[in-house]
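K.L.:
Below are the structure tokens for one structure; questions will follow.
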Amino acid sequence: MDRQDTLIDRLARHGVTRRAFLKYCATLASLMALPPAAARAMAEALAKAERPSVIWLSFQECTGCTESLTRSHTHGVEALILESLSLDYHHTLQAASGEAAERAREAAMKRHAGRYLLVVDGSIPVKDGGVYSTFAGISNLDLLLEAARDAAAVVAVGTCAAFGGLPAAKPNPTGAVPVAEIVRDKPLINVPGCPPIPEVITGVLAHWLVFRTPPALDRLGRPRAFYGDTVHDHCYRLPFYFQGKYAKSFDDEGARKGWCLYELGCKGPVTRNACARMKWNGATSFPVESGHGCLGCSEPGFWDAGGFYRPMS
Amino acid sequence: MSAPRQRVVVDPVTRIEGHLRIEAETDAEGRITRAYSAGTMVRGIELILQGRDPRDAWAYTQRICGVCTLVHGIASVRAVEAALGIAIPPNAQLIRNLMIAAQHVHDHVMHFYHLHALDWVDVVSALKADPGRTAELARSVSKWPKSTPGHFADMQRRLKGFVESGQLGIFANGYWGHPGYRLPPEANLMAVAHYIEALAWQRDVVKLHAVFGGKNPHPNLVVGGVPCAVSLEAEPRGRGPGFRGGRPATALDADGLQTVREAIRSMREFVDEVYLPDALAIAAHYKDWFRQGEGVGNFLCFGDFPGAGGMRIPAGAILDRDLATVHPVDLEAEGEIQEFVAHAWYAYRDGKERGLHPYRGETEFAYTGPRPPYEHLDVERDYSWIKSPRWKGRPMEVGPLARVLLLYARGHESARALVDASLRRLGLPLEALYSTMGRTAARALETKLFADAMPGWLDALTANIEAGDLRTFEERRWDPTTWPKRARGAGFMEAPRGALAHWVAIEDGRIAGYQTVVPSTWNAGPRDAAGREGPYEAALKGHRLADAKRPLEILRTIHSFDPCIACAVHVLDTEGGERVRVQA
Ligand code: SF4
């Protein structure tokens, strides 16, 4: 670490009061289902933390995951960028281009070898020698292997990186695979969603910042705190589901009264994600609240699951 | 390569969406003589669409891009509606207009501050600024309430702490101190402060998308209208299983409309008081950039914002800067829009020299480039995953500049007034728009036009609802059994980066072919069979690089187009099944 400067100092400069900061820690602790005492421990750990280096690589993706990161309301990305993480490589956000960008990445990887967090969005096309996606003339596969080698852990952000996502949907023209099929010897955290909920991405990063270990994961490598329950479990339309009151069209009486969207194809009952609980964009809404069934976008293979408007049988 | 020439490679071009590589040849003076634009990532989304339910297509195509996260969804539902002859209700039209305009405003502001500004703004120089004088400067261009010495001093302190920490993060290795940076320290500090403020602003204004579409990025849409029904009152849910307290029926109620109104207010305020003044203030220091970076001089729009009166982007083509003649454009005409693959990694059945209309589009991967890792592409042969679309054989620029010129040529009053007043302030003629900075200025100007149109659409929507018209969705033709055996149609819109269209062919209720021709394909595509460059390639020609190792000039012009490469690279096939072959 280059200077003695705590996160509290940095946040104070950023106009974030100690109280607001503690509140953030409490929110995060409760989101991640940690015991209340953890909030204080987190606050202390966060306050002392040096900025861990994050290398963010983008492969076959649409930049929706990065856009989602910037929408986080609990932990503004400007604070994240400036105060708590050192985002040392991110090709959508960084100033440097071309060779200068590649040199910045190599320097960070060297300096923080064994300690940096590798974040990946997008799938990796492995067919035909990786010609379907390169940058700086290097295939995604080679770049991922190189960057993973000295990473402390890897976070696969978005359904493409976590499970293959859209590029891997049938017929998978480019041989797209998820990170898990390539990186097998590092702790891997899957954060699926198309894109993931902004606060879930920043929550996972903040957890890393505090504990330097992955949170509790389920068998698909997803943090249980966010992916433990289904959308349906927490859906505000659940009473109508039980009463058998279903919207049959997007603009019928049921739709206007907020009845259950099951018959319009909602995949909430089989989708593990926190949309109904945390909601989106400053808790403004979530897909069901805005009248559209859940697409199931955080589940493996959801693109090939038979159609978004076909009711589950 | 012949001896005295130098090859400059920028890969990855950062601060864009997607994977773009630029190779440029320079002469002995460091002037670019030829430039090559290469998209280096492909997913094959149109191949993936084959055989699926056309009503689902919007969700797949929306994932072409998460930055302009709405636009492919809109073009897709419009294509399917065109194919099936569905007319959507007026409320749905108004809601889509609001969502599209919000996309433009959000996208353009983020592009300016987070993707483009650092080409003009030297972050390190901001450390030398005097906060008091910065506040004076800021107040001389707008009445933004945050422009106080204390605020700028604060921003400077944060920046300083950041720089001194030795961990520069995303600012590491920028071309700081490059002789091309010409803003005074105070202007740099003002822009850096707004870079940070814009990050916070943008996540609030996307609430408009969240109300109508449930989330952003990737809000939901539906063929036939919009998914969110208007709810005037929630039905009591009763305290049975699953009860979680009182909640609205849908997000589109009185509170939701208030959220939308507030988002629009905030957008207009930020555009009027921060974005537009900053863009013009920065432009004033770089007037030489109003004289270079033109591109091809041909401009194309498909038009958008349907509905009665008010803001409406016209469709049409302008050739060779001739604003007196606006040519009509027909998306269905075989001879108008065609895609070429002469220098792209695809094969066509009847040879690589032909151009194909989207309804006849073909897809066959045919990678002939070097095996990665590689140093250089073979630019004499094929060098990109991006195709080369042409209109009546010509390369066309699409995007903000094309739209502003079209509006100007068509005599749109507020557009003319805004353009004239802004150019007058800068002391520049209309021709100055045909340039790198002209493109950047046009983007800021159209943002204001779109933001100003939004309250009118919201008022119309609220008036309809108050008058009892709640319709947001057209039920007829939702059920595939009501569809003709075969149908096809084109859906179009103006995306932030320019004219966008999707072509769909439906057979027996399934997608038989799907094609997208996308803004960044028009702008970023490689040479065609006749050797004509695409707009990026043409615009870079003649740029003189002050320092070939730090090609800031290339970034300026490329970023002025706001590249979206995931969009630009697409794979299509409207006629047959998938045919994938790799020859490398
Ligand atoms: S709308 Fe979807 S998630 Fe909500 S109760 Fe119905 S089926 Fe479950």
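The values are calculated or read from the model by the stated rules, or taken from the named source; none is laboratory data. Since the structure is predicted, the reported quantities are computational estimates derived from the model, not experimental observations. Reconstructed Cβ throughout: ideal geometry from the backbone, glycine too, with neighbour counts over all protein chains shown. Calculation scope for accessible area: heavy atoms of the full protein, side chains included, ligands and nucleic acids excluded. Shrake-Rupley method; radii C 1.70, N 1.55, O 1.52, S 1.80 Å.
K.L.:
Please tell me if A:Arg212 is open to solvent by 10 Å² or more (accessible area, probe 1.4 Å) and modelled with pLDDT of 90 or more. It would help to see each step written out before you state the result.
P.N.:
Working: open to solvent by 10 Å² or more (accessible area, probe 1.4 Å): yes; modelled with pLDDT of 90 or more: no.
Taking the combined requirement at face value, the residue does not satisfy it.
K.L.:
Continuing with this model, one more query. Let me confirm something: among B:Ala499, B:Ala568, B:Ala524, B:Ala490, which residue is crowded, with 24+ Cβ neighbours inside 10 Å and at pLDDT 95 or above? Steps first, please.
P.N.:
Working: B:Ala568 fails: at pLDDT 95 or above; B:Ala524 fails: at pLDDT 95 or above; B:Ala490 fails: crowded, with 24+ Cβ neighbours inside 10 Å.
Testing whether each residue is crowded, with 24+ Cβ neighbours inside 10 Å and at pLDDT 95 or above leaves just B:Ala499.
Results for (1) in contact with a Ser or Thr (Cβ under 8 Å, 6 or more places away or on another chain); (2) among the hydrophobic types (A, V, I, L, M, F, W, C), shown as yes or no for each residue.
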position	(1), (2)
A:Pro167	yes, no
A:Pro178	yes, no
A:Pro187	yes, no
A:Glu199	yes, no
A:Gly203	yes, no
A:His207	no, no
A:Val210	no, yes
A:Thr213	no, no
A:Leu217	no, yes
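K.L.:
While we're on this one: Considering only region B:424-450, how many residues are over 19 Å from B:Gly295 (Cβ atoms) and assigned to a helix (DSSP H, G or I)?
P.N.:
Within region B:424-450, the subset over 19 Å from B:Gly295 (Cβ atoms) is B:424-427, B:447-450.
Subsequent filtering for residues that are assigned to a helix (DSSP H, G or I) retains B:424-426, B:447-450.
Residues in region B:424-450 being over 19 Å from B:Gly295 (Cβ atoms) and assigned to a helix (DSSP H, G or I): 7 in total.
K.L.:
May I ask you to list the residues in region A:258-279 that are under 22 Å from the mean Cα position of the chain (by Cα), at pLDDT below 95 and either surrounded by fewer than 19 Cβ atoms within 10 Å (Cβ to Cβ) or within 8 Å of chain B (Cβ to nearest Cβ) (or both)?
P.N.:
Scanning region A:258-279 gives a single hit, A:Arg277.
K.L.:
Just the residues that are assigned to a helix (DSSP H, G or I), more than 8 Å from the ligand (Cβ to nearest atom) and either among the acidic types (Asp, Glu) or open to solvent by 10 Å² or more (accessible area, probe 1.4 Å) (or both), please, taken from region A:226-253. Don't jump to the end; show me each part of the working.
P.N.:
Initially, region A:226-253 is screened for residues assigned to a helix (DSSP H, G or I), giving A:226-227, A:232-234, A:238-243, A:253.
When the remaining residues are screened for being more than 8 Å from the ligand (Cβ to nearest atom), the result is A:226-227, A:233-234, A:239, A:242-243, A:253.
Across region A:226-253, the qualifying residues are A:Asp233, A:His234, A:Phe242, A:Gln243, A:Glu253.
K.L.:
Regarding region A:107-116, can at least one residue be identified that is within 7 Å of another protein chain (Cβ to nearest Cβ) and either modelled with pLDDT under 85 or in contact with a strand residue (DSSP E or B) (Cβ under 8 Å, 6 or more places away or on another chain) (or both)? Before you say what the answer is, go through the steps one by one.
P.N.:
Taking region A:107-116 as the starting set, the residues that turn out to be within 7 Å of another protein chain (Cβ to nearest Cβ) are none.
No: region A:107-116 contains no residue that is within 7 Å of another protein chain (Cβ to nearest Cβ) and either modelled with pLDDT under 85 or in contact with a strand residue (DSSP E or B) (Cβ under 8 Å, 6 or more places away or on another chain) (or both).
K.L.:
Here's something else I'd like to know. Kindly indicate which of B:Gly351, B:Gly295, B:Gly307 is in contact with a helix residue (DSSP H, G or I) (Cβ under 7 Å, 6 or more places away or on another chain), in a loop (DSSP other than H, G, I, E, B) and open to solvent by less than 30 Å² (accessible area, probe 1.4 Å). So that I can check it myself, show each step before the final result.
P.N.:
Numbers: B:Gly351 fails: in contact with a helix residue (DSSP H, G or I) (Cβ under 7 Å, 6 or more places away or on another chain); B:Gly307 fails: open to solvent by less than 30 Å² (accessible area, probe 1.4 Å).
Answer to the check: B:Gly295.
K.L.:
Also, quick follow-up: Would you check which residues across region B:336-395 are under 27 Å from the mean Cα position of the chain (by Cα) and basic (Lys, Arg) and list them?
P.N.:
Hits for region B:336-395 are B:Arg360, B:Lys387, B:Arg390, B:Lys392, B:Arg394.
K.L.:
Just checking, how many residues over region A:189-235 are under 13 Å from the mean Cα position of the chain (by Cα) and polar (S, T, N, Q)?
P.N.:
Going through region A:189-235 one residue at a time, the tally reaches 2.
K.L.:
If a residue counts only when it is facing chain A (nearest Cβ under 10 Å), which helices (runs of 4 or more DSSP H) contained entirely in region B:58-149 have at least 2 such residues?
P.N.:
Numbers: elements: B:71-84, B:90-110, B:131-141.
Fully inside region B:58-149 and qualifying: B:90-110.
K.L.:
Something else now. In this structure, does A:Val204 turn out to be open to solvent by less than 10 Å² (accessible area, probe 1.4 Å), more than 16 Å from the ligand (Cβ to nearest atom) and either assigned by TED's automatic domain parsing to the domain that holds A:Met278 or closer than 23 Å to A:Trp280 by Cα (or both)? Working first, answer last.
P.N.:
Details: open to solvent by less than 10 Å² (accessible area, probe 1.4 Å): yes; more than 16 Å from the ligand (Cβ to nearest atom): yes; either assigned by TED's automatic domain parsing to the domain that holds A:Met278 or closer than 23 Å to A:Trp280 by Cα (or both): yes.
Taking the combined requirement at face value, the residue satisfies it.
K.L.:
In this structure, is B:Arg52 at the interface with another protein chain (Cβ under 9 Å from one of its Cβ atoms), modelled with pLDDT under 90 and outside any strand (DSSP E or B)? Even if it seems obvious, please write down each step before you answer.
P.N.:
Values: at the interface with another protein chain (Cβ under 9 Å from one of its Cβ atoms): yes; modelled with pLDDT under 90: no; outside any strand (DSSP E or B): yes.
No, not satisfied.
K.L.:
Another question about this same structure. Output yes when any residue across region B:375-390 is assigned to a helix (DSSP H, G or I) and either open to solvent by 20 Å² or more (accessible area, probe 1.4 Å) or out of contact with any Phe, Trp or Tyr (no Cβ under 9 Å at 6 or more places or on another chain) (or both), and no when none is.
P.N.:
If we filter region B:375-390 for residues that are assigned to a helix (DSSP H, G or I), which is where we start, we get none.
Within region B:375-390 (the criterion being assigned to a helix (DSSP H, G or I) and either open to solvent by 20 Å² or more (accessible area, probe 1.4 Å) or out of contact with any Phe, Trp or Tyr (no Cβ under 9 Å at 6 or more places or on another chain) (or both)), the answer is no, since none of the residues qualifies.
K.L.:
Within region A:280-313, can you find the residues that are free of Cβ contacts under 8 Å to residues at least 60 places away in the same chain and buried (at least 24 other Cβ atoms within 10 Å of the Cβ)? Reasoning before the result, please.
P.N.:
Just the residues of region A:280-313 that are free of Cβ contacts under 8 Å to residues at least 60 places away in the same chain, to begin with: A:284-293, A:296, A:305-313.
Within region A:280-313, A:Thr284, A:Ser285, A:Phe286, A:Pro287, A:Val288, A:Glu289, A:Ser290, A:Gly291, A:His292, A:Gly293, A:Gly296, A:Phe308 meet the criteria.
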